[in-house]
Amino acid sequence: MRLGVLDVGSNTVHLLVVDAHRGAHPMPASSERTVLRLAERLTSNGDLSASGVDDLVHTVALAKKSARKLGCEDLMAFATSAVRDCGNVADVLTRVRAETGVELRVLTGADEAKLTFLAARRWLGWSAGRLLVLDIGGGSLELAIGIDEAPDYAKSVPFGAGRLTRERFSADPPDRDEVAATADWLAEQLAPVAKKVAKRGEPDRVVATSKTFRTLARLTGAAPSSAGPRVRRVLTEPGLRQLIAFISRMNAADLAELEGVSASRSHQLVAGALVAQATMRALSRQELEICPWALREGVILRRLDTVDGTADGEES
C-alpha cells in the first residue's frame, strides 16, 4: 500500500510518501518539504500567529493534494512541539480540519520518543540488544531506552535546537559568554535525566536520529547522504568539541554554505551542537551511531502494525 506521512515540525512541513506493507521495508517514493518555521511565528501571548495559521492551512491543503496525486491510500498527519506548545492549539487543529479535511494529530513528547525508538529498533533489529535512542528536534530533545520495541523509559525535555537559539542567544553568531553559559546550563539540566536513563541498565547500542545529529555527523567526517542509508555513520565527542569551536564563530549565512547544512536550519546549528555535546557528556558517551530511521518511519511502522487490528500495548 502507498502511505503518506505529513510531519508538521518546528521548521518544516514534510510530506513523505512510501510504498509498504506489514512486515516489509517501507520504500520512499516521494519527499516534499516546505519551510514555515512555525516555532518562530508565535505572538507575545504564545499563540501561533494568524499568518502562521494561514500558511499552515495552505501547506497542509497542498500536501493533501500531492498525496492524492501520488496515489496514497492514507495520509497520516501529525504535529510536534511547535503546534503542541502554542496557546491556540485547539483553534489551529479545528481550522486545519475544517478547511483541509486533514485530522492533524498532536504528538506528546513521550509519543515522539516512543515512535522514534520503534523506528530505530526495527532498523537495527533485535541484535542491537538494549538500545538507547536520542533525537534532537526544533523544540525538544527525546531520549528512550529499552530492550523491546517499546522503551522502558521515554523522556522528552524542552531543549530543542530552535527553542534554545531563540531563548538563549541574542546575536548571530552567538556571544561566547552565551555559548558557555548555555553549555553549563544544559549540563545541569540533563544530569537528573541521565541518572534516570542509567537506572534502566547499560545500553548495548547508543544511536541518534534525525536532521540535527545527521548534520553534525556529516560536518565531523561522516559519509554524505549520497553514500546511502546503510553506510555506518558516527558522531564522536572529540569531533563534536572541535566542530563547536569552529561553528560558534560563524553566522547563520556562512554556516548555510557548509556541506550538509540547510539554510532553514543553519541559524540553530550551534544550539543543536551544544545539546548533542551536553547529552553525550551527561550519558558518558564518546560516540553515537547515526540511525537513518526516525519519527516519520516510526509513525509508518505503527500504522502498518495496526492494518489488521490494534497493536499490542496501544492505548484505545
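Please sort by residue number the GluC sites (Glu not before Pro) in the range 219-316 whose DSSP state is loop and whose Cβ has at most 13 other Cβ atoms within 10 Å.
Details: sites: Glu257, Glu259, Glu287, Glu289, Glu297, Glu314, Glu315; in loops: Glu257, Glu259, Glu314, Glu315.
Loop-located and lightly packed - Glu257, Glu259, Glu314, Glu315.
Placing +1 at every Lys and Arg Cβ and -1 at every Asp and Glu Cβ, with all other atoms neutral, what dipole size does the range 1-77 have around its Cα centre, in debye to the nearest 20? If you can, show how the numbers build up before the last one.
Numbers: 9 positive and 9 negative charges, 49 e Å.
My answer is approximately 240 debye.
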Cβ-placed point charges (K, R +1; D, E -1), dipole of the range 223-316 about Cα centre in debye, nearest 20: 420 debye
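Quote the charge dipole size of the chain about the Cα centre in Debye, to the nearest 20; the model charges only the Cβ of Lys and Arg (+1) and of Asp and Glu (-1). Could the numbers behind the result be given before it?
Numbers: 41 positive and 41 negative charges, 110 e Å.
Roughly 520 debye, rounded to the nearest 20.
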Dipole of the chain, positive end: most advanced residue of Val106, Pro229, Phe159 [Cβ charges, Cα centre]: Pro229
The chain, accessible surface, carbon-and-sulfur percent (1.4 angstrom probe): 47 percent
DSSP-defined beta bridges in the chain - what % are antiparallel, rounded to 5: 65 percent
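Using a 1.4 angstrom probe on the protein heavy atoms only, line up Lys195, Lys155, Lys114 by accessible area, largest first. Mind showing how you got there, number by number?
Numbers: Lys195 140, Lys155 70, Lys114 100 Å².
Largest accessible area first, the list is Lys195, Lys114, Lys155.
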11 Å beta-carbon shell around Asp55, net charge (K/R +1, D/E -1): +1
Alpha carbon centroid spacing (whole Å) that separates the range 195-231 from the range 92-153: 16 Å
Cα centroid separation - the range 237-294 against the range 19-81, whole Å: 26 Å
Value of Rg to Rh for the chain (Rh from inverse mean 1/r over Cα pairs, i.e. Kirkwood): 0.95
Which of Asn45, His58, Asn88, positive extreme of dipole for the range 34-93 (C-beta unit charges): His58
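The values are calculated or read from the model by the stated rules, or taken from the named source; none is laboratory data. Computed from a predicted model, the values in this text were never measured in an experiment. In this analysis, Cβ positions are derived from the backbone assuming ideal geometry, glycine residues included, and neighbour counts consider all displayed protein chains. Heads up: the accessible areas ignore ligands, DNA and RNA and are worked out on the full protein's heavy atoms, side chains in. Shrake-Rupley method; radii C 1.70, N 1.55, O 1.52, S 1.80 Å.
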